[in-house]
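Working notes, structure below.
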Amino acid sequence: MPPANWMNDPNGPIYINDEYHLFYQYNPNGDNWGSIHWGHAKSRDMVYWDHLPIALAPSLEKNEQHCFSGCTVVDDNGEPTIFYTSVGVGERNHTIGSEQWMAKGTSDLITWSKHRDNPIMTLDIHGDVQVREWRDPFVWKEADTWYMVLSGSCQGHGCVLIYRSSDLMQWEFLNILDQGKEGVWECPNFFALEDKYVLLYSPDLENDYRVRYKIGTLQDNFRFQSEFEGILDYGGREGYYAPTSFLDGQERRILLSWMPETARGDFKGIKGWSGVHTIPRVLSLRNNRLNIEPIPEMNILRENERSIGFQAVEGVFDTGVKGKALEVKLITEQAEEPFCMKFYRSPDGEEETVLWIDPKVEKVILDRSKSSLYSGTHSSAIEGKLTNTTQGQYRVHIFLDYSTIEVFINEETCLSARVYPKREDSMDVQIYSETKLLIHTLQAWNLISIS
Ligand code: FRU
């Protein structure tokens, strides 16, 4: 969480001088979206974070009202460099007038100065291709060449565009890398993973905001050839949006994302802050799909371990685990019928958040109908698709942190959501199965606070 106020997308994560730096879309003036700055924090382990001064503020004198999302690289002279989208009002509005700007940082990444040659790129670069909602640069280097992707809407369709440069200053538009249905794509990421390329984007398509990934190859004409398309996390606008990724010191591809506060709905009880980030996740390839796991560094927060071995469950199983900041790992031996895990549960069941796993229809469903006694919070169910199960074996890995739930199933299906349990005693964990469910192991830990 930021020290206070509004936060959205993670921006420009980078590993440098043995430290992780993370920037984020930030409004220092309130808990609503507006006057977007770049907030800044750093960490040695991606678990404990120190807040740092704001990195970028809008240059109002240049009609810049917002510093939208972007990325951080180290240039060929070793200087930290931010690319971001500069947005203003009037002709500089985000639909038709966004520009790509650059800022250079001191070696500690604390102080940033915008480059005198800004804008580095304007919409003219596309010639006849009509691009709107152009934003969110993601830059990387391959051999001696710098590449950038940006996203938006190309002739009315959500798209990602690709560019090339030898010096990060002069850019050449190469092609529309990929394009979809009507709407807008945001926050593109494009990177090599083993022998494939992965494309990530956050779509704004007729109320479907679920972040997508594609795995495939890059063709000679700079078009992306997709071989598999999946959903990175089923949370959507309610729980998971605008992720970005980076390579860390161990060559791991790490993914970070924003968990919005949308599900708070009309409930105004929590004032003064909005938005959190997910636990960092490690991406790898498995059978041409993304394998997604929480960073192992999270282990340092574990305390009070409970472990239950082989167990047959029929009806209610009270695990005895209690907490609102928890890590839970369930491995089933055999599951053929639907079963569920209940979290943030009050002893009388007045409040509970229920995670159903249904092997029959291969679905995971997060039932939030009783998640919160606060009126106005969203209570709709969130659904995801389960794949990759072998004979009813599910590896379910869950993190709770007072108002979050992050679910990983078989390292492949992710579902992140916000819930707002009101009662102090909403902290039981139960398992329920109508028919016999064979549990291989259940492990649980309370998580110590990082503050
Ligand atoms: C995604 C997004 C980005 C944009 C930023 C503005 O949540 O809309 O496309 O750069 O937020 O805050």
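Residues that are aromatic (Phe, Trp, Tyr) and within 12 Å of the ligand (Cβ to nearest atom) within region 44-70 comprise just one, Phe68. Those strands (runs of 3 or more DSSP E) of region 144-250 in which at least 1 residues are touching a His at 6+ places or on another chain (Cβ under 8 Å) and of a type outside the set (Asp, Glu), considering only elements entirely within it, cover 157-165, 172-182. Give me the residue from region 164-185 that is open to solvent by less than 50 Å² (accessible area, probe 1.4 Å) and in contact with an Asp or Glu (Cβ under 6 Å, 6 or more places away or on another chain) and, out of that set, farthest from the ligand (Cβ to nearest atom). Checking each candidate, the answer is Leu168.
Contact map, region 132-157: residues that are at positive phi paired with residues that are open to solvent by 30 Å² or more (accessible area, probe 1.4 Å) and not in a strand (DSSP E or B), Cβ distance under 6 Å, separation 6+ or inter-chain. Pairs shown: Glu133/Thr95; Gln155/Gln130.
Residue count for region 185-211 satisfying the condition of being within 16 Å of Gly152 (Cα to Cα) and hydrophobic (A, V, I, L, M, F, W, C): 7. Each residue in region 119-131 was checked for being without any contact (Cβ under 8 Å) to a residue 40 or more places away in the chain, open to solvent by less than 50 Å² (accessible area, probe 1.4 Å) and more than 16 Å from the ligand (Cβ to nearest atom), and 1 pass.
Among the residues of region 132-163, just one is away from the ligand (no atom under 16 Å from the Cβ), among the aliphatic types (A, V, I, L, M) and open to solvent by less than 40 Å² (accessible area, probe 1.4 Å), namely Ile162.
Among the residues of region 236-260, those identified as surrounded by fewer than 20 Cβ atoms within 10 Å (Cβ to Cβ), more than 13 Å from the ligand (Cβ to nearest atom) and more than 14 Å from Ile292 (Cα to Cα) are Leu247, Asp248, Gly249, Gln250, Glu251.
A residue that is crowded, with 17+ Cβ neighbours inside 10 Å and at pLDDT below 95 can be found somewhere in region 206-224.
If you check Glu406 against the conditions, is it of a type outside the set (Lys, Arg), part of a strand (DSSP E or B), open to solvent by less than 40 Å² (accessible area, probe 1.4 Å) and in contact with a Pro (Cβ under 8 Å, 6 or more places away or on another chain)? For Glu406, the condition - of a type outside the set (Lys, Arg), part of a strand (DSSP E or B), open to solvent by less than 40 Å² (accessible area, probe 1.4 Å) and in contact with a Pro (Cβ under 8 Å, 6 or more places away or on another chain) - is met. Within region 379-400, is even one residue touching a residue at least 24 places away in the same chain (Cβ under 8 Å), more than 25 Å from Glu362 (Cβ to Cβ) and within 26 Å of the chain's Cα centre (by Cα)? No, the conditions are met nowhere in region 379-400. Exactly one residue out of Thr413, Thr435, Thr404, Thr387 is closer than 22 Å to Ser346 by Cβ and polar (S, T, N, Q), and it is Thr404. Selection of strands (runs of 3 or more DSSP E) fully inside region 62-123 by the criterion of at least 2 residues being aromatic (Phe, Trp, Tyr) returns 80-87. Taking the conditions (1) over 22 Å from Pro280 (Cα atoms); (2) open to solvent by less than 20 Å² (accessible area, probe 1.4 Å); (3) not small (Gly, Ala, Ser) in turn, Val419 satisfies each one other than (1). Filter region 334-357 down to the residues that are part of a loop (DSSP other than H, G, I, E, B), out of contact with any Gly (no Cβ under 7 Å at 6 or more places or on another chain) and open to solvent by 10 Å² or more (accessible area, probe 1.4 Å) and list them by number. Answer for region 334-357, where residues must be part of a loop (DSSP other than H, G, I, E, B), out of contact with any Gly (no Cβ under 7 Å at 6 or more places or on another chain) and open to solvent by 10 Å² or more (accessible area, probe 1.4 Å): Glu337, Pro338, Pro347, Asp348, Glu350, Glu352.
If you go through region 264-277 and keep only what is modelled with pLDDT of 95 or more and either open to solvent by 10 Å² or more (accessible area, probe 1.4 Å) or farther than 12 Å from Met1 by Cα (or both), you end up with Val276, His277. Of the set (1) within 19 Å of Ala325 (Cβ to Cβ); (2) open to solvent by 20 Å² or more (accessible area, probe 1.4 Å); (3) part of a strand (DSSP E or B), all apply to Asp425 but (3).
The C-beta contact set for region 194-205 (first residue of a type in the set (S, T, N, Q), second residue away from the ligand (no atom under 11 Å from the Cβ) and open to solvent by 10 Å² or more (accessible area, probe 1.4 Å), distance under 9 angstrom, 6+ apart or interchain) comprises Ser202/Arg210; Ser202/Arg212. Evaluate the following for Gly30: is it within 12 Å of the ligand (Cβ to nearest atom) and without any contact (Cβ under 8 Å) to a residue 60 or more places away in the chain? When the stated conditions are applied, Gly30 does not pass them. Taking region 207-222 as the range and being over 21 Å from the mean Cα position of the chain (by Cα) and either closer than 17 Å to Ser416 by Cα or free of Cβ contacts under 8 Å to residues at least 12 places away in the same chain (or both) as the test, the residues that pass are Gln219, Asp220. Please determine whether any residue of region 1-17 is in a strand (DSSP E or B), open to solvent by 10 Å² or more (accessible area, probe 1.4 Å), over 20 Å from Glu297 (Cα atoms) and away from the ligand (no atom under 11 Å from the Cβ). So far as region 1-17 goes, yes, one or more of its residues are in a strand (DSSP E or B), open to solvent by 10 Å² or more (accessible area, probe 1.4 Å), over 20 Å from Glu297 (Cα atoms) and away from the ligand (no atom under 11 Å from the Cβ).
Considering Arg289, Arg306, which residue is open to solvent by 30 Å² or more (accessible area, probe 1.4 Å) and within 21 Å of the chain's Cα centre (by Cα)? Going through Arg289, Arg306 in turn, the sole match is Arg289. Of all residues assigned to region 32-42, none qualifies as being within 24 Å of the chain's Cα centre (by Cα), of a type in the set (Lys, Arg) and part of a loop (DSSP other than H, G, I, E, B).
The values are calculated or read from the model by the stated rules, or taken from the named source; none is laboratory data. Quantities reported herein were computed from a predicted structural model and do not represent experimental measurements. Ideal geometry is used to build each Cβ from the backbone, glycine not excepted, and the neighbour counts take in all protein chains shown. Surface areas here come from the heavy atoms of the whole protein model, side chains and all, with no ligands, DNA or RNA. Shrake-Rupley method; radii C 1.70, N 1.55, O 1.52, S 1.80 Å.
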